[in-house]
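Read-outs: derived from the displayed coordinates by stated rules, not from any lab. Everything numeric in this text was worked out from a predicted model, so none of it was measured. Positions of Cβ are generated from backbone atoms using ideal geometry, with glycine treated the same way; all protein chains shown enter the neighbour counts.
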Amino acid sequence: MDSSRLERGELIAALGGILLAVGIFLAWYRTSPDNANAVIDGRRGGVSAWQIYPLMRWLLLAAAAAPLILVWIILRDHELSWSRGQLTAVVGIAAFGLIFYTGVIDRPGEPSGAISLAIGWFLALLGSILMIVGGAMRSAETDKPRKPPGVL
């Protein structure tokens with residue numbers, strides 16, 4: 001394993017994956033202390049994605065592993081049928097969509113105006129953005145062999 005093969009794109013994506021994984025366990029939502037009726041699944045205070053999303057927590061953890069797998073592929077110099085970093089960028093886009101949707105469009109809790117976003121949500125969102133950027137950087141650096149016209 002040769003760590004000199006790692007470039008800035010992989011390191012950015014790996015940092016994003018770590019931030020995403022850590023963000024899952026930190027509070028994503030907070031109830032308003034001024035409103036006694038503000039609850040998220042019967043809980044008051046801070047609630048993490050791990051506590052509130054039984055399926056999405058596993059999807060986001062799998063997404064957080066993608067850039068670390070990319071680093072492993074680069075270190076071991078495995079051959080791939082697609083550009084290195086391409087899958088990491090796609091997984092980052094999917095994670096960004098899930099995180100953005102659950103934080104902006106369909107935020108849990110009642111009443112919705114008494115629920116605010118917390119540090120874990122922002123950290124997970126930043127992690128997914130770094131995964132997209134790092135994966136795209138690595139994918140752009142990989143030379144793909146060109147095919148003649150008419151060949152699929």
Study note, to complete from the structure: Note, segment 46-55: 3J(HN,Hα) by Karplus (6.51, -1.76, 1.60, θ = phi - 60°), whole Hz, Gly/Pro = x, goes x, 10, 8, 5, 4, 7, 9, 10, x, 9
Exercise for review: Go from 0 up to the bin containing the longest alpha carbon distance in segment 10-99, width 10 Å each, and give me the % of pairs per bin.
Suggested key: 16, 38, 25, 13, 6, 1
Exercise for review: Taking the Cα centre of the chain as origin, work out the dipole magnitude from +1 charges on Lys and Arg Cβ and -1 charges on Asp and Glu Cβ, in debye rounded to 20.
Suggested key: 120 debye
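Before rounding to the nearest 500, sum -39500 (n - 2.57) across all DSSP H runs of length at least 4 in the chain and divide by the residue total; then give [θ] at 222 nm in deg cm²/dmol. Walk me through the numbers before you get to the answer.
Working: 5 runs with 81 residues, N = 152.
The per-residue figure over the chain is -17500 deg cm²/dmol.
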Practice item. Please give, to one decimal in nm, the separation of the simple spin-label points placed at A65 and F122, each 7 Å out from Cα toward the Cβ. Key: 3.0 nm
Review point. So, in nm, how far is label L15 from label I105 when the simple model puts each one 7 Å beyond its Cα toward the Cβ?
Key: 3.0 nm
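Kirkwood Rh over Cα pairs of the chain into Stokes-Einstein at 4 °C, 1.567 mPa s: D in µm²/s?
Details: Rh = 16.6 Å.
Translational D for this selection: 78 µm²/s.
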